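Shown next, in structure tokens, is the structure this report addresses.
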Amino acid sequence: MSERAVPKHVFIETYGCQMNVYDSERMRDVLAPLGYAVAGKPDDADLVILNTCHIREKATEKVYSEIGRLRAHKERRASEGKGMTIAIAGCVAQAEGEEIMRRAPEVDLVVGPQAYHKLPELIALAARKRGERLAADFSAQEKFDALPARAPDGVTAFLSIQEGCDKFCTFCVVPYTRGAEFSRPVADVLVEARALAERGVREITLLGQNVNAYHGAGGVGFADLLEQLARIEGIARLRYMTSHPAEMTGDLIALHGEEPKLMPFLHLPVQSGSDRILKAMNRKHDAAHYRDIVTRLRIARPDIALSTDFIVGFPGESEKDFEASEQLARDVGFASAFSFKYSPRPGTPAALMHGQVDEAMKRERLARLQSVLSEQQSRFNEGQVGRTLPVLVAGKGRAPGQKHGRSPYLQAVHFESGAREGEIVQVRIIGASQNSLAGSAAALEVA
Ligand code: 5AD
Ligand code: SF4
């Protein structure tokens, strides 16, 4: 008599950046052939993976408190004679693997970002022998090759083209957790993009910690890669993140004006508006360089909108330095932005710098900057009212007959239309809130 396979469930909690979102999807794919279905919550999962972020201290602490919560579920399941494997993936796993094992005995497995293709093997090992830990390696090529190309759920997909970072901004753990910069071969990227297009994907977001530092063999730069991807039939929209100002080459800026598939929305972190602080951050650009890129982008593509990251309270930041950040925000006018209090990360040069800014001062500056930025975001969204935007239909909306989709600026748009998923519809924007737009479909674009 053949044994009936008991369905198993995996729950993956994702923290941090889009790279982690992408990695979590690939982990699901690698586990599916082993019979793991996706669970909606951790309570009844056989396997729980926390895909962690190490970029700020708060993100790391969240992981430990989540592990604490999982302990109760694990104990309850054990009392019912069922197991629960707890795996910690992502950058905290990479940076603090041994510390996690010491601090959290309920964790069975720690797996760094370069080893996800080994998950099935590791899970089997962990089931047999508690505490099996992978020494994290940095063989990024192996990881990309070994993970299956994922079946996307809808009309948009991420495509990871580059990993790691050699920039060594003095505040950042990424060069230590994700390793040296590595670009995937052009051919592999094109094969994956074509496969996505064949499955109905219309919009691809290219991912990389330093995505515009991409360099393929034979001198293929990032702009060249974008041009090749734009030729793929079916792909209507291209985006990329996260880019570095020092890698915004002339050909990439020009492409924003020449390639209509390249969406007029760019996330370009600036971190600070003060040259003194930018230098201490080892950002490899000054404020004037950043402003110059923005000017050139706007000449190439007048409707381009920008988003950015700021850090406030970096060691040595004076009131004058902070005001330079505020001024830069005012001058550029961002469509959206993330701003963070500086968080000293162990092992990074900035953590040891003199002039650490006290918490209350960081909080106060963050609030001041955020009020400038959130006003800009509201103004940007309200500015769309009355315009007609091409919206990629992503699915049904909440009400009958309603659809939701994405504007070129990544805003969620809700509107009534008979259009099908994957179509690009011209939508007249009739209302705006902080996070989404309301529209009415004007006409169908043949796309
Ligand atoms: N403290 C605060 N913010 C940080 N970031 C990266 N490292 C730190 C840190 N140590 C922010 C940067 C980066 C974004 C992903 O996170 O703004 O662009
Ligand atoms: Fe970190 Fe700087 Fe590299 Fe971005 S460019 S990942 S902030 S070191």
Between residue 76 and residue 98, take the C-beta separation as r, use R0 = 30 Å, and let me know the FRET efficiency to the nearest 0.05. 0.60
Would you list 8, 74 from the most to the least accessible area, probe 1.4 Å? 8, 74
Expected output is a single nm value to one decimal: the length gained when fully extending between residue 199 and residue 359, i.e. 0.36 nm times separation in residues minus the C-alpha distance. What is it? 52.7 nm
Length released on extending from residue 295 to residue 327, taking residue separation times 0.36 nm less the Cα-Cα span: 9.9 nm
Name every cysteine in the chain that ends up alone, with no second cysteine's Cβ under 4.7 Å, or say none. 17, 53, 91, 165
I'm a student and want to see the number: the projected area of the Cα convex hull of the chain, averaged over all directions, in nm². 23.7 nm²
Need one number: nm distance between label points at residue 276 and residue 28, each 7 Å from Cα along Cα→Cβ, rounded to one decimal. 4.8 nm
Excluding same-chain residues fewer than 8 positions from residue 261, which aspartates and glutamates have a Cα within less than 19 Å of its Cα? 192, 198, 203, 224, 227, 233, 251, 303, 421, 423, 445
Given a 1.4 Å probe and the protein chains all in place, what does the accessible area of residue 168 round to, in Å² to the nearest 10? 90 Å²
Sorting 362, 41 on solvent-accessible surface, 1.4 Å probe, most exposed first, gives 41, 362
Residue 108 accessible area, nearest 10 Å², 1.4 Å probe? 10 Å²
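Between residue 8 and residue 430, what length in nm is gained on full extension when 0.36 nm per residue of separation is reduced by their alpha carbon distance?
147.3 nm
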Give me the lysines in straight-line cross-link reach of residue 279: C-alpha distance below 21 Å, same-chain residues under 8 apart excluded. 167, 320, 341, 362
Label-point gap, in nm, between residue 187 and residue 375 - each point 7 angstrom along Cα→Cβ: 5.6 nm
Given R₀ = 35 Å, what would the calculated FRET efficiency be for residue 254 paired with residue 320, taking r from the Cβ atoms and rounding to 0.05? 0.45
Hydrodynamic calc, the range 388-446: Kirkwood Rh from Cα pairs, then Stokes-Einstein at 37 °C with viscosity 0.692 mPa s, so D in µm² s⁻¹ is 305 µm²/s
Compute the distance in nm between two label points, each set 7 Å from the Cα along the Cα-to-Cβ direction, one at residue 166 and one at residue 43. 5.0 nm
Over the chain, the sum of -39500 (n - 2.57) across DSSP H runs of at least four, divided by residue number and rounded to 500 deg cm²/dmol, gives at 222 nm -11500 deg cm²/dmol
At a Cα cut-off below 20 Å, give the lysines reachable from residue 8, other chains included and same-chain residues fewer than 8 away excluded. 41, 74, 82, 118, 129
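The values are calculated or read from the model by the stated rules, or taken from the named source; none is laboratory data. A quick note: this is a predicted structure, and the numbers were derived from the prediction, not measured. All Cβ positions, glycine included, derive from the backbone under ideal geometry; neighbour counts span all protein chains shown. Ligands, DNA and RNA are excluded from the accessible area calculation, which covers all protein heavy atoms including side chains. Shrake-Rupley method; radii C 1.70, N 1.55, O 1.52, S 1.80 Å.
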